[in-house]
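Some notes on the structure that comes next.
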Amino acid sequence: MQKVALSEIIVTNPYLRTETDIDSLVKSIETVGLINPITINDKNELLAGGRRYQAMKELGWDEAPVQMVERNPLEQELISIDENLVRKPLDKMELEQCLNRGREIYEELNPLANKIEVAVKLLTPEEKKAEKEEEENDTTSFAAITSEKTGLSKSVIKSAIKRDALSSEKIKEARGLGDISASQANEIIKLDKEQQDKILPYVQNRTVKDVRKIVETAKLDGLDQAIEDSMEMTPTPREFVLLKTTTKKMNKLISQIILEDIQFEGKDLNIIIKDMKKLMTEGQDFLNRYDEDSFVPHSQDTDDGYEESSFQ
């Protein structure tokens, strides 16, 4: 194994993460040493191992164990992307960007591999079934090889790639700020990027079901009509949307615990029971206020109703 002075290693690679928390990594290297060397090219440019590089610097090492590779620029970039995908988890936007760029490079380097279709298409049930079967049998596409490395499903990888490839910069910015979800973006990207920017103010704080309706109207009757229709919709408060998704998950989890007779006597049990009792009390107050069948508030102060909807 080669060693190179840390001072001679060039750290300019945009995929490197050198500003993340490395306390646990530092302790690990102190205890068992550096298990995996960092990767550099023949110009001493760091390709993979940004966190390990930072940890060695913090520990005061003069030299770093390195693996030197001589590859073309695209292959070097793919090495850096691979490192990002299989190491410390990325945030959702970084993940999508890395997956899409990795797909572009991989398909250029492997022209015979199965290509990932980034366009959004309306498929018949038969076409969807055929596409799913093709996906299950796929072993050569970027989604297939990345699925094996990361544990993410091929469909999740493909969806992430499409969101990055088809989203306008404003949509990506809104995603990063948490103004819209991935599920909402999956509907919005059915429009071209110029239309996405124009429709954005009218789909924020909307359920996926409402966003789907607005996008469908835009495609069939034009953007102006879609905007007009959206302004007539009664928006579902974000809190109600979150409440529904959380309640669904809790019901499923509680059913699983009861059905499988999962036993637990740890110290957290009393806290869980206390919180469940509080939830039951506040849940009953909620049910007393809202009619379960119509979602119409019992209060006579307002006539606003709440359409049942969910993120999908």
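The values are calculated or read from the model by the stated rules, or taken from the named source; none is laboratory data. Given the structure is predicted, the values throughout are model-derived calculations rather than measurements. Cβ sites come from the backbone with ideal geometry, for glycine too, and all protein chains shown count toward neighbours.
The table below gives the values:
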{"item": "Residues of the range 156-173 classified as out of contact with any helix residue (DSSP H, G or I) (no Cβ under 7 Å at 6 or more places or on another chain) and under 14 Å from ARG103 (Cβ atoms), total", "result": "3"}
{"item": "Of all residues in the range 7-23 being within 25 Å of the chain's Cα centre (by Cα) and among the polar types (S, T, N, Q), the one that is farthest from LYS43 (Cα to Cα)", "result": "THR20"}
{"item": "Subset of the range 1-51 [assigned to a strand (DSSP E or B), farther than 21 Å from LEU90 by Cβ and not β-branched (Val, Ile, Thr)]", "result": "GLN2, LYS3, ALA5, ASN41, GLU45"}
{"item": "Search result, residues across the range 186-198 that are surrounded by fewer than 21 Cβ atoms within 10 Å (Cβ to Cβ) and within 22 Å of the chain's Cα centre (by Cα)", "result": "ASN186, LYS190, ASP192, LYS193, ASP197"}
{"item": "Top-ranked residue of the range 211-243 - restricted to ones that are outside any helix (DSSP H, G or I) and hydroxyl-bearing (Ser, Thr, Tyr), ranked as surrounded by the fewest Cβ atoms within 10 Å (Cβ to Cβ)", "result": "THR234"}
{"item": "Filter result for the condition that a residue is assigned by TED's automatic domain parsing to the domain that holds SER159 and surrounded by 15 or more Cβ atoms within 10 Å (Cβ to Cβ), over GLU117, GLU83, GLU135, GLU77", "result": "GLU135"}
{"item": "ALA64 vs. criteria more than 18 Å from the chain's Cα centre (by Cα) and either without any contact (Cβ under 8 Å) to a residue 40 or more places away in the chain or surrounded by fewer than 19 Cβ atoms within 10 Å (Cβ to Cβ) (or both)", "result": "no"}
{"item": "Some residue of the range 38-45 being under 30 Å from SER153 (Cα atoms) and in contact with a Ser or Thr (Cβ under 7 Å, 6 or more places away or on another chain)", "result": "no"}
{"item": "Verdict on ILE81 being part of a helix (DSSP H, G or I) and under 30 Å from THR31 (Cβ atoms)", "result": "yes"}
{"item": "Complete set of residues in the range 24-46 that are over 16 Å from ILE9 (Cβ atoms) and over 29 Å from the mean Cα position of the chain (by Cα)", "result": "LYS27, ILE29, GLU30, THR31, VAL32, GLY33, ILE35"}
{"item": "Any hit, the range 52-64, residues being among the acidic types (Asp, Glu), at pLDDT 90 or above and not in a helix (DSSP H, G or I)", "result": "yes"}
{"item": "Test: residue in the range 255-265 that is surrounded by 13 or more Cβ atoms within 10 Å (Cβ to Cβ) and either of a type in the set (Val, Ile, Thr) or under 25 Å from the mean Cα position of the chain (by Cα) (or both)", "result": "no"}
{"item": "Condition met for GLU45 (touching a strand residue (DSSP E or B) at 6+ places or on another chain (Cβ under 9 Å), at pLDDT below 90 and farther than 30 Å from GLU131 by Cβ)", "result": "no"}
{"item": "Helices (runs of 4 or more DSSP H) contained in the range 126-208 and holding at least 3 residues of a type in the set (Lys, Arg) and in contact (Cβ under 8 Å) with a residue 24 or more places away in the chain", "result": "154-166, 169-177"}
{"item": "Residues satisfying the stated conditions in the range 157-181, i.e. among the hydrophobic types (A, V, I, L, M, F, W, C) and surrounded by 14 or more Cβ atoms within 10 Å (Cβ to Cβ)", "result": "ILE157, ALA160, ILE161, ALA165, LEU166, ILE171, ALA174, ILE180"}
